[in-house]
Amino acid sequence: MRQLSLLVIILSCQLGFTQEKTPNIILMIGDGMGLTQISSGMYANNNSTALEGFEFIGLSKTYASNQLITDSAASGTAMATGVKTYNGAIGIDPQKRPQKSILQYCQEKGYSTALLATSSIVHATPASFYAHVKSRNQYEDIALQLSEDRVDLFIGGGRKHFNKRKDKRDLIQEMTSYEFVNSLKQLKSSDAQKIGYLTYSDEPPKKLEGRKPALEDMAVASIEKMESLGKPFFMMIEGSQIDWGGHANEMQYVLTEFKEFNTTIARVLEYAKADGNTLVIVTADHETGGLALTGGNLKKSLARGSFNTEGHTATMVPVFSYGPTAKAFSGIYENTAIFNKMLETLTK
Ligand SMILES: [Zn+2]
């Protein structure tokens, strides 16, 4: 009888746990990915995008605390910490006070965490999730903060900010709790709890110039790694160079970067649909280039664009969501609300 009641207690605990398990959160940021970048990428891809598989769509107001047109640091900080700040600021408010990020809230909740980017890992968008510095250009300070055990898995460029520093420190040597790998194959076969994969010494090249590994392969390998840790996870995946194509006013650059990001979205959505307890959010930090879609041909999968600026613009950007609490992301709201909605997902 006593054994039976013990069994009942164990079973009900397990049932309770299943019901209360907080979802994985995968936040995907297409840097500079406005609606025209998406439309162009879709028409250039046989009139199809993985974004059509999402359940809810919202619009986000991207402006910074001090300017109508945001940069990636202020917008990244807004989404990561829920605070509008000045252009150039990473993880701090306008009074330069450090703000706790959604990644840190997730860690407190027992989540595993991962950051993936096709820029360097110390670039503004990924940095907003773990660093607190006055200027996005403090790459070595940002690398130092990442070295303080802040993320379980990270993949991106920028190795030189870790091992060719002004202070002569070699953070890769110092980060003894991490295993550093040089390929996704090594990453997959590693059983380390914390893994770093610094893909390039500097900023990674364009996809057009053969950047490797493919973002979709990085995402699939990272999701497998996160699953193997047996806890819910938070992952931020950035398609970093859609923005750089916009700055360069090069349509082909934008389209090829979007295409890789789109394939990655498809893989992530596939996983989320099979898993059933993963919230996926796809958005942008701002639009870049003032891109207008001025011509093309559906049958030939051609999209022609015209750029208005070599900088960013203040147009609202779309937010696509799928999974538990996805509905909360419909409507029109400030970019800071993306943080709040993710935080609410943790406490539901
Ligand atoms: Zn930019």
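Things worth noting here:
- Cβ-Cβ distances below 8 Å connect the following pairs, each with a first residue in the stretch 50-75 that is open to solvent by 90 Å² or more (accessible area, probe 1.4 Å), a second residue that is of a type in the set (D, E, K, R), and a separation of six or more residues or different chains: GLU55/LYS327.
- For GLU203, the conditions (1) free of Cβ contacts under 8 Å to residues at least 60 places away in the same chain; (2) among the charged types (D, E, K, R); (3) more than 20 Å from TYR111 (Cβ to Cβ) are fulfilled apart from (1).
- Any hit, the stretch 264-287, residues being touching a His at 6+ places or on another chain (Cβ under 9 Å) and either open to solvent by 40 Å² or more (accessible area, probe 1.4 Å) or over 25 Å from TYR105 (Cβ atoms) (or both): yes
Let's see how each residue does on (1) within 27 Å of ASP285 (Cβ to Cβ); (2) surrounded by fewer than 21 Cβ atoms within 10 Å (Cβ to Cβ):
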| site | (1), (2) |
| --- | --- |
| ILE142 | yes, no |
| ASP149 | yes, yes |
| LYS160 | yes, yes |
| ASN163 | no, yes |
| ASP167 | no, yes |
| LYS185 | no, yes |
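- Of the strands (runs of 3 or more DSSP E) lying entirely inside the stretch 218-324, those carrying at least 2 residues that are out of contact with any Cys (no Cβ under 6 Å at 6 or more places or on another chain) and within 15 Å of the ligand (Cβ to nearest atom) are 233-239.
Yes/no matrix, rows are residues, columns are (1) touching an Asp or Glu at 6+ places or on another chain (Cβ under 9 Å); (2) not aliphatic (A, V, I, L, M):
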position: THR263; (1), (2): yes, yes
position: ASP275; (1), (2): yes, yes
position: THR278; (1), (2): no, yes
position: ILE281; (1), (2): no, no
position: ASP285; (1), (2): yes, yes
position: LEU291; (1), (2): no, no
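- Single match in LYS168, LYS185, LYS164 (criterion: within 25 Å of LEU229 (Cα to Cα) and either charged (D, E, K, R) or over 21 Å from the mean Cα position of the chain (by Cα) (or both)): LYS185
- Those helices (runs of 4 or more DSSP H) lying entirely in the stretch 2-118 with at least 3 residues more than 16 Å from the ligand (Cβ to nearest atom) and modelled with pLDDT of 95 or more: 35-43, 102-108
- Total residues in the stretch 189-217, condition over 19 Å from ARG267 (Cβ atoms), outside any loop (DSSP other than H, G, I, E, B) and hydroxyl-bearing (Ser, Thr, Tyr): 1
- Selection from the stretch 178-189 of residues that are in contact with a strand residue (DSSP E or B) (Cβ under 9 Å, 6 or more places away or on another chain) and touching a residue at least 12 places away in the same chain (Cβ under 8 Å): TYR178, GLU179, PHE180, VAL181, ASN182, SER183, LEU184, LEU187
- Residue within the stretch 108-117 that is under 28 Å from LYS231 (Cα atoms), more than 17 Å from the chain's Cα centre (by Cα) and basic (Lys, Arg) present: yes
The values are calculated or read from the model by the stated rules, or taken from the named source; none is laboratory data. Everything numeric here is computed off the predicted structure, so don't read it as measured data. Reconstructed Cβ throughout: ideal geometry from the backbone, glycine too, with neighbour counts over all protein chains shown. Please note that ligands, DNA and RNA were not included when accessible areas were found on the heavy atoms of the full protein model with its side chains. Shrake-Rupley method; radii C 1.70, N 1.55, O 1.52, S 1.80 Å.
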